[in-house]
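Colleague: Mind looking over this structure? Questions follow.
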Amino acid sequence: MKTGKPEKKKKQRLSNLQNKIVVCFTVPILFMILVGAIAYRKASTGMSQQFLDSTEKTMTMTVSYMEAINSFVAGEALKYAFDTDLNRYFSGVYEKDGYAVERKKLITNQRTNLLSTQSGNDFISNVHIIPSQELTLISTTNSESPYGFFAEYQEEVSQQGGGGRGNVWTDWHHVLDTHMKLSDKRYIMAYQIQSKNNKAMIVVDIKQESVKELLQDLILGEGSVAVFVTPNGREIVTEYLEEGAESAFAEGETVLYDKPFYQECMQSDEKIGHKEVDFQGRKYLFVYGIVEDSGAAICMLVPNKVVTTQADQIKWITFAMVVIAILVAGFIGVTITIGIRSNMKKISIGLEQVAEGDLTGSVKVSGRDEFGDLAQSANHMIQNNKKLVNKVHGATDQLELSADEVKRASEIISDYSLDITQAITEINEGMGRQSLHAQECVEKTGLLSDDMQEVSQVVEKVEMLVRETDTMIHRGIEIIELLGRRARETTDITNQVGVSIEQLSQETENISVFAETITAISKQTNLLSLNASIEAARAGDAGKGFAVVAEEIRKLADDSARAAGEISHNVQHIGTRTIDSVRSARQAEEMVALQGHAVQEVIQVFADMRNRMQELVTGLQEIVASTEQADKERAETLDAVQNISQIIAETAENAQIVSQTTEKLMENVENLSRTADVLGDNMNELKSEIALFKT
């Protein structure tokens, strides 16, 4: 038995398996590289954001601390500005005779207070109280305290925008420095305020060194710079310097104030903010905070490499771990591949022997892994094949006898199949005749069903018309009843109109009485006017005015009599119309009563029609019920006939199927005979093949 394969194909299969193992190890390594890249990106982004949040919080705390210092300074200045004894001193009270001791004591106490204020806060450099008159200037300095420059200093404050009371933060006070011989390098800003009586100026300097120490805490690594910038451009610069290293900025050099990114941030609405900027050719993170009360800004410049230092460390650690993982995975992969190739080669050789028909050998591999299980399964398969070959060899003779018996049985089945085919043919003919008769019955029943349905449809249409007529009668009754109610309401309204007209007649009679009363009053008024005219004539010139009044009264009486006559005439006319209206209302009432009787008669007619329609509907419903019962019985009959027809058709169909099955059986019998012949031939070949196996 020649089933061997070339050695080249075996090596090719082993090579393909090796490639698959390499791919299996390569894919996780690629995923590790991807995970490392994603971890580095996430860590870089997270650390940068964490660094930024921490830096902004530090800046917020620093700005709040500076604002608290400024509030303390402003509070100290206000304390001296509103001090009662000092304001009396500024007003010249202590310059009067007899106040020399009090003046000296006051100056001593106030200088002590100023020194206490200076020592109580590290951010206060000096405190100066500048009076307006020829008074002694009080200050924490040990230099001479000149006087007489209050007006000059006040003019400088006005130029700085301090307003009337001079409550401003300023970058410098040149007038004070000049007169006091002070250096502006000791302070960075100053708060100045006028006294309560506007006769002195209190000035508190912010110590430059203390602000610089505050900035030292903001240095965050190599290359970092912290800058305090006043509104007018004075700067305090601190930077990270290694021991012995020199500053990168020249003395007095402007670091931030003239930079566009600084001006842009100062003009924004954010009190605390950040921005990535280019500074001296390098990338920096610029973080700033604005001290609201003084307008100064605290700024930080942090190199980007400081922000990403930890992320870079993670990147290199990740890279190293990935390289180590690749080397370890490569070593493990090569070792596993060599072992797999060796075992696969042993298994392949053993199976090739089995394929050539040699069942006497076995498969041996090294190790106790899955290949050991595979070798054990292969050996088990060889043993089972050996048993199978032995059994097949013993069963070959028996199978040959069975083939002869199959051939004889196929001849007997062929004879029976011919008899069954003839009987089925006779059954088909009888079923065909029964199917024709059943079909005729179904057609007759269908015609009867159509006639019944037409009768039912006509009855339903008549019933629908009767119901519509009944609805119309019901609607007519409702309308007539509504008309009756309207007639009764009209009768009531007519009665009310009659009553109202009678009341109007009584009111016109009252008006006539009032008109007669007005006529009587006008007559009396004429008599009074006549008597008045007579008395006025007797009085002569003294009664002329009274005569005019009497004449006007007479005219009024005539007009009243004329109006009363018109009212009486109109009342008579209204009375005549009222009598006519009462007569018309009575006639209308009689007509409405006649209409009411007619409406009642119409309602009775409609009620009779409705009763007759109800009887008609009842009769139609009985007809419909009878028709439905007949149609139901017709449907049952039709279903029974159809069932019979269906059963006949199914029987004929089954007979046809049996006939077809018989024909197929005949074909299969012939095939069985041929198969028996072929089986005999194959049996001889099987004996030859089994003889090749070595057991």
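Colleague: When you go through V211, V168 one by one, which is the residue that is within 30 Å of K283 (Cβ to Cβ) and under 53 Å from the mean Cα position of the chain (by Cα)?
Modeller: Only one candidate qualifies: V211.
Colleague: For the stretch 474-499, enumerate the residues that are open to solvent by less than 70 Å² (accessible area, probe 1.4 Å) and either modelled with pLDDT under 75 or outside any helix (DSSP H, G or I) (or both).
Modeller: G476, I480, G484, A487, T490, T491, T494, V497, G498 - these are the residues of the stretch 474-499 that are open to solvent by less than 70 Å² (accessible area, probe 1.4 Å) and either modelled with pLDDT under 75 or outside any helix (DSSP H, G or I) (or both).
Colleague: When you check D580 against the structure, is it free of Cβ contacts under 8 Å to residues at least 40 places away in the same chain, under 30 Å from T491 (Cβ atoms), open to solvent by less than 100 Å² (accessible area, probe 1.4 Å) and of a type in the set (D, E, K, R), yes or no?
Modeller: Yes, satisfied.
Per-residue answers, yes or no, for (1) at pLDDT 90 or above; (2) closer than 19 Å to T60 by Cα:
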{"residue": "L220", "(1), (2)": "no, yes"}
{"residue": "E264", "(1), (2)": "yes, no"}
{"residue": "S268", "(1), (2)": "no, yes"}
{"residue": "I290", "(1), (2)": "yes, yes"}
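Colleague: How about the stretch 271-280: which of its residues are of a type outside the set (A, V, I, L, M) and in a strand (DSSP E or B)?
Modeller: Quick first cut of the stretch 271-280, residues of a type outside the set (A, V, I, L, M) only: 271, 273-276, 278-280.
Once the filter is applied, which keeps residues that are of a type outside the set (A, V, I, L, M) and in a strand (DSSP E or B), the stretch 271-280 yields G273, H274, K275, E276, D278, F279.
Colleague: If you don't mind, another one. Among the numbered criteria (1) assigned to a loop (DSSP other than H, G, I, E, B); (2) open to solvent by 60 Å² or more (accessible area, probe 1.4 Å), which single criterion is violated by K283?
Modeller: So the condition that K283 fails would be (1).
Colleague: Kindly evaluate F82 against the criterion of being open to solvent by 80 Å² or more (accessible area, probe 1.4 Å), modelled with pLDDT of 85 or more, over 51 Å from the mean Cα position of the chain (by Cα) and not β-branched (V, I, T).
Modeller: In short, yes.
Colleague: Would you check which residues across the stretch 116-136 are in contact (Cβ under 8 Å) with a residue 40 or more places away in the chain and either over 18 Å from S210 (Cβ atoms) or assigned to a strand (DSSP E or B) (or both) and list them?
Modeller: I124, S125, N126, V127, H128, I129, I130, P131, S132, Q133, L135 - these are the residues of the stretch 116-136 that are in contact (Cβ under 8 Å) with a residue 40 or more places away in the chain and either over 18 Å from S210 (Cβ atoms) or assigned to a strand (DSSP E or B) (or both).
Colleague: Six or more apart or on different chains, Cβ atoms under 6 Å: show the pairs whose first residue is in the stretch 521-538 and in contact (Cβ under 8 Å) with a residue 60 or more places away in the chain and whose second is in a helix (DSSP H, G or I).
Modeller: none
Colleague: How many residues does the stretch 92-118 contain that are open to solvent by 60 Å² or more (accessible area, probe 1.4 Å) and over 22 Å from H173 (Cβ atoms)?
Modeller: 14
The values are calculated or read from the model by the stated rules, or taken from the named source; none is laboratory data. Model, not experiment: these values are computed from the prediction. All Cβ positions, glycine included, derive from the backbone under ideal geometry; neighbour counts span all protein chains shown. For the accessible areas, the whole protein counts, side chains as well, though only heavy atoms, and no ligand, DNA or RNA atoms are used. Shrake-Rupley method; radii C 1.70, N 1.55, O 1.52, S 1.80 Å.
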